[in-house]
1. Return the pair list, or none, for Cβ contacts closer than 8 Å from residues in the range 47-69 that are hydroxyl-bearing (Ser, Thr, Tyr) to residues that are not in a helix (DSSP H, G or I), at least 6 apart or on different chains.
2. Select from the range 99-113 the residues that are part of a loop (DSSP other than H, G, I, E, B), within 22 Å of residue 50 (Cβ to Cβ) and either at pLDDT 90 or above or open to solvent by 40 Å² or more (accessible area, probe 1.4 Å) (or both) and list them in ascending order.
3. Looking at 61, 88 in this structure, which one is part of a helix (DSSP H, G or I), at pLDDT below 90, more than 19 Å from residue 37 (Cβ to Cβ) and within 15 Å of the chain's Cα centre (by Cα)?
4. Does the range 155-167 include one or more residues that are open to solvent by less than 50 Å² (accessible area, probe 1.4 Å), modelled with pLDDT of 85 or more, assigned to a helix (DSSP H, G or I) and polar (S, T, N, Q)?
5. Quick one: how many residues across the range 72-81 are surrounded by fewer than 20 Cβ atoms within 10 Å (Cβ to Cβ) and part of a helix (DSSP H, G or I)?
6. With respect to residue 116, determine if the residue is under 14 Å from the mean Cα position of the chain (by Cα) and either at pLDDT below 90 or assigned to a loop (DSSP other than H, G, I, E, B) (or both).
7. Suppose the filter is within 24 Å of residue 137 (Cα to Cα), of a type in the set (Asp, Glu), at pLDDT 85 or above and in a helix (DSSP H, G or I); does residue 69 pass it?
8. Given the criterion modelled with pLDDT under 80 and either surrounded by 18 or more Cβ atoms within 10 Å (Cβ to Cβ) or of a type in the set (A, V, I, L, M) (or both), identify the matching residue among 44, 25.
Amino acid sequence: MTPSTEAPLAGTGVSPAGPRWGRPVPARRLGALLCAAATAGDLVVFQQNLAYGLSVSLPFLAAAVVQLDLVRRVWASPRTAAALSAVLVLGLLIGLQTVAVRGGATFGPRDEPLRAGPVATAALLLRLAALPCLLRALSGRGRAWAVNGLLVIGTVLWTFGLTGLAG
């Protein structure tokens, strides 16, 4: 009996070459794609805020660069450390953006309060959607580390917001 071209080659652990249509996207790669879309949103917000000066727009560029590096690492490496660091950095970015908007941080020459525009909100929602995907990509111990790290980040940012140190 000859092996089927649709089934993996017996004993080799290698699947046959061909299109990936119909196969599910791994959770870590879906999380990386969502982070890449959030990066595009951050770059748009960076460009929109450039008129207010670098002090306003540079944080969005920094967030985009950090996310792009995370996307590259998570996409290329199935290691737990890449997904764990992506979860923690995304949690920090989400928390910082939320605290800055809710805390009334000001920017620009007229000290206008920071508002969450539609593109910044879309980028935030994409980051929020990427978190469960990246958490699902982690094993039990890595997932526990990630959830504990997110709880610590949330507690620290909540404390900063509560005491007024954030904005």
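1. 52/107; 52/108; 52/109; 55/107
2. Passing the criteria: 109, 110, 111.
3. 88
4. Scanning the range 155-167 turns up no residue that is open to solvent by less than 50 Å² (accessible area, probe 1.4 Å), modelled with pLDDT of 85 or more, assigned to a helix (DSSP H, G or I) and polar (S, T, N, Q).
5. The initial filter retains those residues of the range 72-81 that are surrounded by fewer than 20 Cβ atoms within 10 Å (Cβ to Cβ), namely 72-73, 75-81.
Remaining after also requiring part of a helix (DSSP H, G or I): 72-73, 75-76, 80-81.
Of the residues in the range 72-81, 6 are surrounded by fewer than 20 Cβ atoms within 10 Å (Cβ to Cβ) and part of a helix (DSSP H, G or I).
6. Values: under 14 Å from the mean Cα position of the chain (by Cα): no; either at pLDDT below 90 or assigned to a loop (DSSP other than H, G, I, E, B) (or both): yes.
In short, no.
7. Working: within 24 Å of residue 137 (Cα to Cα): yes; of a type in the set (Asp, Glu): yes; at pLDDT 85 or above: yes; in a helix (DSSP H, G or I): yes.
Considered against the rule, which asks whether it is within 24 Å of residue 137 (Cα to Cα), of a type in the set (Asp, Glu), at pLDDT 85 or above and in a helix (DSSP H, G or I), residue 69 comes out as yes.
8. Details: 44 fails: modelled with pLDDT under 80.
Step by step, each of 44, 25 is checked, and only 25 is modelled with pLDDT under 80 and either surrounded by 18 or more Cβ atoms within 10 Å (Cβ to Cβ) or of a type in the set (A, V, I, L, M) (or both).
The values are calculated or read from the model by the stated rules, or taken from the named source; none is laboratory data. All values reported here derive from a predicted model rather than from experimental measurement. Cβ: placed from backbone, ideal geometry, glycine included. Neighbour counts: every protein chain shown. Keep in mind that these areas ignore ligands, DNA and RNA; they rest on the heavy atoms of the full protein, side chains included. Shrake-Rupley method; radii C 1.70, N 1.55, O 1.52, S 1.80 Å.
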